[in-house]
């Protein structure tokens with residue numbers, strides 16, 4: 001009876017943790033934002049560079065390293081393995097920021113703050129393996145909150161749920177999940193403040 005319940009909880013936790021990984025959560029936000037603000041043609045023009053310069057290369061990098069045995073899993077939950085992942089993600093975001101600036105004259109605030117979040121996570125990784133799943137979902141909650149407080153609060157609930165699943169699956173300790181949430185909370189607060197200032 002208890003073993004069956006435990007298996008169900010672990011199964012549900014795996015689904016939630018895998019589905020709401022950082023890339024998927026950001027993708028959901030971008031799709032929602034595009035539907036709300038752009039025509040299909042405009043959304044494609046804006047989203048395609050993000051897809052080609054960041055999402056596909058990062059996913060490919062993780063998959064390739066797992067296949068080569070450099071990463072033990074797709075979560076890259078090993079602290080030492082994360083070092084190269086952080087550098088690769090940072091390089092992809094910087095490449096996109098340069099592309100966007102030189103092609104469109106834009107400074108993408110969301111990508112700037114994603115880079116800041118990533119750099120702080122990278123620094124924290126030398127001391128504690130903060131939960132990327134939790135941190136990125138807290139930041140996505142802030143992105144939603146800037147446009148719709150109801151959706152922001154809803155996504156914050158998802159972030160809490162994701163943090164709990166990371167503990168259940170033993171990918172992170174309670175301390176590591178809290179550290180990821182705190183880092184993302186601070187970065188998200190600054191992002192929301194900057195978003196308000198730039199809107200006025």
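The values are calculated or read from the model by the stated rules, or taken from the named source; none is laboratory data. Because the structure is a prediction, the values reported are computed rather than measured. Using ideal geometry, Cβ is built from the backbone for each residue, glycine included, and neighbour counts are taken over all protein chains shown.
Suppose the filter is in contact (Cβ under 8 Å) with a residue 60 or more places away in the chain, surrounded by 13 or more Cβ atoms within 10 Å (Cβ to Cβ) and assigned to a helix (DSSP H, G or I); does residue 29 pass it?
It is true that residue 29 is in contact (Cβ under 8 Å) with a residue 60 or more places away in the chain, surrounded by 13 or more Cβ atoms within 10 Å (Cβ to Cβ) and assigned to a helix (DSSP H, G or I).
Looking at this structure, is residue 150 at pLDDT 95 or above, more than 17 Å from the chain's Cα centre (by Cα) and surrounded by fewer than 23 Cβ atoms within 10 Å (Cβ to Cβ)? Break it down stepwise before answering.
Working: at pLDDT 95 or above: yes; more than 17 Å from the chain's Cα centre (by Cα): yes; surrounded by fewer than 23 Cβ atoms within 10 Å (Cβ to Cβ): yes.
Judged against the criteria, residue 150 is a match.
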**Report entry** Filter result (under 20 Å from residue 18 (Cα atoms) and touching a residue at least 40 places away in the same chain (Cβ under 8 Å)) within the stretch 38-73
**Finding:** 54
**Report entry** All positions within the stretch 65-87 that are in a loop (DSSP other than H, G, I, E, B) and either surrounded by fewer than 17 Cβ atoms within 10 Å (Cβ to Cβ) or at negative phi (or both)
**Finding:** 69, 70, 71, 72, 73, 74, 75, 77, 78
